[in-house]
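*Asks:* Can you keep this structure in mind? I'll have questions shortly.
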Amino acid sequence: MLEYVLLGLLMKQNLTGYQMKRFMMVSTSNFFNASFGSIYPALARLEKKGMIISTAEVEHGKYSKVYTIQEAGKASFMKWLQEPANVSDTSHNHLIKLFFYDYLDSQTKQLHYEVYIRQAMAAKQKLIDTIDLAKKTAGPDRMQTLTYGIAYHTNIIDFYTRLLADNHQV
């Protein structure tokens with residue numbers, strides 16, 4: 001996932017690893033964040049795969065690498081972005097993709113929103129189907145996680161339903 005986030009950040013402009021980390025801190029950190037210790041190895045992997053290139057720069061006596069996305073990186077990022085995320089896992093990966101949806105056309109966004117709604121509805125129903133069994137076998141804390149899961153998926157359904165309605169108005 002980190003590699004796609006880095007590619008997404010580089011879609012707009014060339015950045016250093018430090019700039020990417022700072023950008024994540026003020027934008028994606030509420031649903032996705034990474035340490036410097038994971039960013040730099042990911043950048044090295046992307047460079048080795050030919051997705052990005054780096055250029056060494058020295059400014060005010062300080063050495064840094066500026067990363068630039070290549071066509072292979074853009075193609076890989078867009079291929080990843082074109083596929084809907086799995087909204088039913090609670091990792092919030094769908095929010096990472098949503099963050100970059102400015103690059104998608106309205107029709108693709110609509111299709112994704114519809115997929116996310118269906119996924120969340122199915123996941124919610126699975127949880128609802130376990131309520132009776134859970135009441136018989138689970139303690140109060142485990143029941144709370146079931147309640148949370150149902151509320152979580154209800155929120156996802158409501159959220160993407162609103163985005164779908166807004167997308168129709170555009």
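*Asks:* If you stretched the chain out fully between Thr130 and Leu95, how much longer would it get, using 0.36 nm times the residue separation minus the C-alpha to C-alpha distance?
*Replies:* Residue separation times 0.36 nm, minus the Cα-Cα distance, leaves 9.9 nm.
*Asks:* Full-extension gain between Ser64 and Ala165, please, as 0.36 nm times their residue separation minus the C-alpha to C-alpha distance.
*Replies:* 31.9 nm
*Asks:* Considering amide H positions built from the backbone, and no H for Pro or chain starts, which residues 5 or more places from Leu15, or on another chain, come under 5 Å of its amide H?
*Replies:* Close amide H contacts, sequence-distant or interchain: Tyr67.
*Asks:* Rounded, prolate or oblate, given the Cα gyration tensor of region 2-82, with a/c below 1.5 counting as rounded?
*Replies:* Because a/c hits 1.5 or more and a/b fails to exceed b/c, region 2-82 counts as oblate.
*Asks:* Here's another thing I want to ask about it. So, counting K/R as plus one and D/E as minus one, what does the shell of residues with Cβ under 13 Å around Gln169 add up to?
*Replies:* Charge balance in the 13 Å sphere: +1.
*Asks:* Another question about this same structure. Calculate the radius of gyration of the Cα atoms of the chain to one decimal place, then report Dmax, the largest Cα-Cα distance, as a whole number, both in Å.
*Replies:* Calculated on Cα positions, Rg and Dmax stand at 19.7, 67 Å.
*Asks:* I'd like the orientation of helix 106-129 relative to the chain: the angle between its Cα long axis and the longest Cα principal axis, in ° from 0 to 90, rounded to 10.
*Replies:* That works out to roughly 40 degrees.
*Asks:* With only Lys, Arg, Asp and Glu charged, each at its Cβ (+1 for the first two, -1 for the last two), find how big the charge dipole of the chain is about the Cα centre; round to the nearest 20 debye.
*Replies:* 320
*Asks:* Once the other residues with Cβ under 13 Å from the Cβ of Met20 are scored (Lys, Arg +1; Asp, Glu -1), what is the net sum?
*Replies:* Here the count lands on +3.
*Asks:* How high is the relative contact order of the chain, in percent, counting Cα pairs under 8 Å that sit 6 or more residues apart?
*Replies:* Answer for the chain is 19 percent.
*Asks:* Using Cα atoms only, what is the angle between the long axis of helix 140-169 and the major principal axis of the chain, expressed in degrees (0 to 90) to the nearest 10?
*Replies:* The answer is roughly 60 degrees.
*Asks:* Something else about it: Quick one: if you stick a label point 7 Å off each Cα along the C-beta vector at Thr147 and Phe23, how many nm between them?
*Replies:* 4.1
*Asks:* Show me, for region 47-53, the HN-Hα J-couplings you get by feeding each phi into the Karplus relation (A = 6.51, B = -1.76, C = 1.60, θ = phi - 60°), rounded to Hz, glycine and proline as x.
*Replies:* 5, 5, 7, x, 7, 9, 10
Coordinate-derived values only; no laboratory data. Here the structure is a predicted model, which is why all the values come from computation and not from measurement. Note: ideal-geometry Cβ built from the backbone for every residue, glycine included; neighbour counts use all protein chains shown.
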